[in-house]
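Visitor: One structure coming up, written as structure tokens, with questions to follow.
Values in this text are rule-based calculations from the coordinates and carry no lab data. This one's a predicted model, so the numbers in the text were calculated from it and none came from an experiment. With ideal geometry, Cβ positions are generated from the backbone for all residues, glycine too; neighbour counts draw on all protein chains shown.
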Amino acid sequence: MSDDIYDGPGEASELSLCEQSDIFYLLSHHRKRGVLLAIAMAPWGHVHLRQVAEIIAALEADTEPRGVSTQQVTNVRTNLKRSHLEPLCDAGLIEWDTDCSDRLVPGPGFSRGIRTLMAGGYSLSQPPSNPQTEQ
């Protein structure tokens, strides 16, 4: 068994959708989408990592933000730091000020990420709906 993500015909390097820097690959995880949408909704154009973690933890628990435990928020925050923020920064979708306050701000490619989400019909927590199943 191979360690590659792609196991179909051809080479994975020839398929842009299999590259971890591809916008569709990046936004395939709900937590990465949550980061972008939380920044987009922030009234001052930035948001702190703890606030994003609280939003995502509340959505995952299907409750109000005050109904989420500190441990749940800490777990989400740790996961964001370890798995999700660096790829978003590398792609230029966000900028992450780790030195002082864990502040997240839009990066040079932020608007491209938001346009991709809106065109695909993604929400903060749900994949796009299927119009055929809604009839």
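Visitor: Order these by the 10 Å Cβ neighbour count, fewest first: K81, K32.
Guide: Ascending number of Cβ neighbours within 10 Å: K81, K32.
Visitor: Under a Cβ-Cβ cut-off of 14 Å, what is the net charge of the residues other than N75 that fall near it, where Lys and Arg count +1 and Asp and Glu count -1?
Guide: Once positives and negatives cancel, what remains is +3.
Visitor: Then there is this: Fewest first, what order do F24, F110 take by the number of other Cβ atoms within 10 Å?
Guide: Ascending Cβ contact count within 10 Å gives the list F24, F110.
Visitor: Quick one: compute the contact order of the range 39-100, relative version, from alpha carbon pairs under 8 angstrom and 6+ residues apart, as a percent.
Guide: It rounds to 23 percent for the range 39-100.
Visitor: To continue, here is another question. What residues have an amide H closer than 5 Å to that of G107, excluding those fewer than 5 places away on the same chain, when H is modeled at 1.01 Å from N in the peptide plane?
Guide: Long-range HN contacts for G107: I94, E95.
Visitor: Through the Karplus equation 6.51 cos²θ - 1.76 cosθ + 1.60, θ set to phi - 60°, convert the phi angles of the range 25-35 into ³J(HN,Hα) values in whole Hz; use x for Gly and Pro.
Guide: 5, 4, 8, 6, 9, 4, 6, 5, 4, x, 4
Visitor: Quick one: 3J(HN,Hα) in Hz for the range 89-101, Karplus 6.51/-1.76/1.60 with θ = phi - 60°, rounded, Gly and Pro as x.
Guide: Couplings: 5, 4, 7, x, 6, 9, 10, 10, 8, 7, 5, 10, 9 Hz.
Visitor: Would you mind counting up the charge near V35? Only other residues with Cβ under 13 Å from its Cβ, with Lys and Arg at +1 and Asp and Glu at -1. Walk me through the intermediate numbers first.
Guide: Numbers: positive: R31, K32, R33, R50, R77, K81, R103; negative: E54, E86, E95, D102.
Charge balance near V35 sits at +3.
Visitor: Pull up all non-local amide H partners of H48: gap of 5 or more, or a different chain, and H-to-H distance under 5 Å with H placed in the peptide plane.
Guide: Long-range HN contacts for H48: L104.
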